[in-house]
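Heads up, the thing below is written out as structure tokens.
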Amino acid sequence: KIRDCTSSLRRLHIALLFLIKLVFQLCARAKMLGILIAAAMVGSATSSENCPSSNSIVVDDDTSNLLQVRTGESGFVSAKSLGAVRKTHICSEEGRALPVLIGGVQKTGSSTTFDDLVESLWLRQDMNCSIGPFSDGSMGGNFWACKEMRFLDRGNSKEKMLAAWGPCSPPKEGLIADFDPENFHVPYVPTKLVDIYGPTKSKEIVFLMGLREPLERMLSAFANGIKAGWIYHHTRPNMTFQEHVTEFFVDWEANGGQQWVPTLVNKNDYQTVDDGLYFNKVQYYLDAGFLPSQFIVYPCNLYMEHRDNLATNPVLKAVRERLGDDVLLPKTNNRMSTLTNGGQHDSLDDALSKPLQDRLQTEVFEPANQKLMSLLSKWKSQGMTLVGYTGEANDIPAITAWMKGKWNF
């Protein structure tokens, strides 16, 4: 009898162990199912309080917006790790659609990028955004207003933005993007974004930042500014680039060699210089509470040399990893050999003497570049995407070589 009882207890013990193992497996599968449901945006957060660990899924009230997943002690991970979660806009508290993608560093190819992608964008609904090219070669009267809203650097920003793209539901085709160059020039734009989106939803914005060799970018911006009249519009005859740089250094010396003090930044004519001090542009956003992990940074030519196939373009692939596999995929693109708003101007050697070129590089741009590369190293370790860079986060020489190798076009 004792032997029979012992045998029965052994069988019961084995059965209990099997049952316990089964419960753990079911719990783990339930949590994984909950993650998949949230990632697919077909349900609300799934609780797993009764499972052996305290994992949880956090989903925004708008179930189209998966925010983050907490996995035990591993911290927060982005939706990217769960697979591409389609996100074409951010829905404001007022139920209005707002841009999810913000780019636009001046003269770094943002107009060309917009032009390439326009067929796949959710454009403004408050005006006619039928954009060419039309049979006469024109791009349409509202091309610039549809690409560059100019809401954030002017008055009534919130009211204008909330009216521009219409209600969130029903959603329109395409993704909402803002490629206004003022987004990375005007220091108070980041705080306006927080005011319009709110402190939580503003963390859902993805910033797309292409960087171009600063001196070449400065020359291109100067030529564009003279042509469009946003610099020296009262000066006749038109100022030359040589004269522009000479004047800049007069004020530079008067300010003790500090190009980013307010007296220079606020002088509109020197936007040509200031917009090439890229580390400042990111810092404006970080100071306003945005995160390095919200930024996708790339050397400009990495986009330009892959315009022949937008589906495999590495910059656009980096965006899709965050916003969905099927976004920014226009059906046609027949402008691969042209640059939008490219402009014509003299070469750098013809426009500026070698001594002034060297001085700009030595005293202005190269110190700023060194600071930028150091900060990119730091920000990469905090989640910033550096498109095409495969080295370690703390390898500043490698980051410098990656950027400078492809940052001009």
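A few comments on the model shown:
- The stretch 214-247 versus the stretch 361-392: alpha-carbon centroid distance in Å: 28
- Calculation over all alpha carbon pairs of the stretch 188-242 in 5 angstrom steps from 0 returns a P(r) of 4, 15, 16, 11, 11, 13, 14, 9, 5, 1, 0 percent.
- Which listed pairs, of 147/371; 203/317; 87/227, have C-alpha distances above 29 Å, in listed order: 147/371; 87/227
- The heavy atoms of residue 127 present about 60 square angstrom of accessible area, all protein chains included, probe 1.4 Å.
The values are calculated or read from the model by the stated rules, or taken from the named source; none is laboratory data. Everything numeric in this text was worked out from a predicted model, so none of it was measured. Surface accessibility is based on the protein's heavy atoms, side chains included, excluding ligands, DNA and RNA. Shrake-Rupley method; radii C 1.70, N 1.55, O 1.52, S 1.80 Å.
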